[in-house]
Structures are given as structure tokens and as C-alpha cells.
1. What ranking do 98-108, 132-142 get when scored by the average of other Cβ atoms within 10 Å per residue, highest first?
2. Run the numbers on the stretch 72-142 and let me know its relative contact order in percent, using alpha-carbon pairs under 8 Å that are six or more apart.
3. For an R0 of 25 angstrom, estimate the FRET efficiency from the Cβ-Cβ distance between A114 and Q52 and round to the nearest 0.05.
4. Just to confirm a number: summing +1 for Lys and Arg and -1 for Asp and Glu over residues other than D111 whose beta-carbon lies under 13 angstrom from that of D111, what do you get?
5. Quick one: P(r) of the stretch 39-143 from all Cα-Cα pairs, 5 Å bins, percents rounded to integers, in order of increasing distance.
6. Can you tell me which of 41-48, 116-123 comes out highest on packing, and rank the rest after it, using the mean Cβ neighbours within 10 Å?
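What follows draws every value from the coordinates through simple rules; no lab data is involved. Just so it is clear, the structure is predicted and the values come from calculations on it, not from any experiment. As a convention, Cβ positions derive from the backbone with ideal geometry for all residues, glycine included, and neighbour counts pool all protein chains shown.
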Amino acid sequence: MTKLRLPREIPPGTAAIGMLAILVTLSGCAAVDNLAYGRSSATYSDAQEFAQADGGAPGWLPADARQIEKVSSTRADDTASVVFVSDEGVSGCEDVDRVSAPTMEVESGPDVYAIDRVAVCGDWAVAESDGTYYAWTPAQEAEEP
């Protein structure tokens, strides 16, 4: 019986090639998300960081918003979802029955199907559960007379 013999020395650069393979695999997840699912996501610590990175924030986003996660469509400019935590909540919005749900899912968001009422803020619908808000556009609620 012949035993498999491993070389006593590892060729130079083997570790670097291994690390490169790991990095490509990990960073490839975002590329796959973008290409295969037509979505991009970003997280922000607070409303100020969100506004700076996104070129402004919606007027209804409270100043104390934190733990913000945004998922946007890479195929349609007006399709996005935002999940955030706030003690203040949204203001200047109309309370209506929920008739739609987010097109772009944010896994950390509350279950919108368990929520009956939403706030309509411009083109956005905003649902709230225990201080966590889930906003999405387009929202059918915003289109109704």
C-alpha cells in the first residue's frame, strides 16, 4: 500500500492564494445579491450618516433614527425598503389601512403582514412594531385617493 506524501515545505505564496480565495468568496456575496437578485443593501448607524451617504434623507425619517438598513432595487430607481429603530417615530404622515407590502425585503424588519395600519409619508408606507419601523416604496397606499 502506497502512502500519500505531502511536501515538507509549503511553496511561497500558498497562504496568500488561500486568503485571496476566501476574500473573493466573501465579497462575492454582495455581487451575487446585486446581479442575481437585483438588490443592493447598506447599513447606517444613524439618520445623519444615512443622509450623507444617500444624498439626503426622506423628510419623514426621524432625527433619532438609528440601526438603519436600506435595501434598494438595482433595476428600478423608485423601489426601496428602509428599516430603522426610533423613539420619536415618523411625523407628518397619514394613518391608513395597510394594503401593500415591501417589494424589497429587509430580513431584520418586522413582519408587515402582522401589521394592519401604516403611515403614508409621500410615496412611502411606514409600518411600526415595538419601535422598529419598516418603510417601503412604491406603496399602494400612497396611490389611493
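1. Sorting 98-108, 132-142 by mean packing, highest first, produces 132-142, 98-108.
2. On the way: 149 pairs, mean separation 27.5, N = 71.
About 39 percent, as a whole number.
3. On the way: r = 33 Å, r/R0 = 1.33.
Once the sixth-power term is evaluated, E becomes 0.15.
4. For residues surrounding D111, the net value is -4.
5. Pair shares across the bins are 2, 14, 26, 28, 21, 8, 1.
6. Values: 41-48: 14.8, 116-123: 17.6.
Final packing ranking: 116-123, 41-48.
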